[in-house]
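Below is one structure. I have some questions about it.
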Amino acid sequence: MGAILSKAQIKRKAGELRSQGKRIVFTNGCFDILHIGHTRYLRDAAGLGDVLVVGVNSDASVKKIKGRGRPIVPEEERAEVLASLACVDYVVIFDEERPDALIESVRPHIHAKGGDYGLQDIPEKKLVESYGGRVVILKKVEAHSTRNIIQKILNVR
């Protein structure tokens, strides 16, 4: 089972891991209602290195990104569910809309993003490349999204 760490703790842990020669992979997202698209994506991300760090948007930042009514699941629960996955080593909750500050702390070798992004669409790409890291776009799992699940639930009568 993975560990839920603070921003200060993950910064120290990332330094330790780098000094041990571990290849750190970072990804981030809201992970509001965990589904198969998320789990496949996280497994693929974990396969890119030795350690997977997952940044989870706080409730406040999810509201800013996704709008009123979101998140459905509180941040502590989302973090705990993610940390329980075998492929996830560390989970960190962050308040910003973008993970730049967290990426700067972790300085991952690889920043993994889902297939619904293009390299040109990733604003943190320049930051990752500035210290020698790289951004990898993973294959999108079609027809699986939190938005679709919420819509299905709302349509059940």
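No value in this document is a laboratory result; all are computed from the given coordinates. Not measured: the values here are computed from a predicted model. When we count neighbours, we look across all protein chains shown, and the Cβ atoms used for this are built from the backbone with ideal geometry, even at glycine.
Give me V62, V25 sorted ascending by neighbouring Cβ count inside 10 Å, so fewest comes first.
Starting with the residue having the fewest Cβ neighbours, the order is V62, V25.
What angle, in degrees between 0 and 90 and rounded to the nearest 10, separates the Cα long axis of helix 36-46 from the longest principal axis of the Cα atoms of the chain?
0 degrees
Compute the angle between helix 7-19 and the longest alpha-carbon principal axis of the chain, please, reported from 0 to 90 degrees and rounded to the nearest 10.
50 degrees
For Kirkwood radius over Cα pairs in Å, several values are listed as (1) 16.3; (2) 15.8; (3) 17.6; flag the one computed from this structure.
Computing Kirkwood radius over Cα pairs in Å and matching it to (1) 16.3; (2) 15.8; (3) 17.6 gives (2).
For a quick check of your reading of the filter: which trypsin sites (Lys or Arg not before Pro) in region 1-96 sit in a DSSP loop and have no more than 11 other Cβ atoms within 10 Å?
Taking region 1-96 and a limit of 11 other Cβ atoms within 10 Å, the loop trypsin sites (Lys or Arg not before Pro) found are R68.
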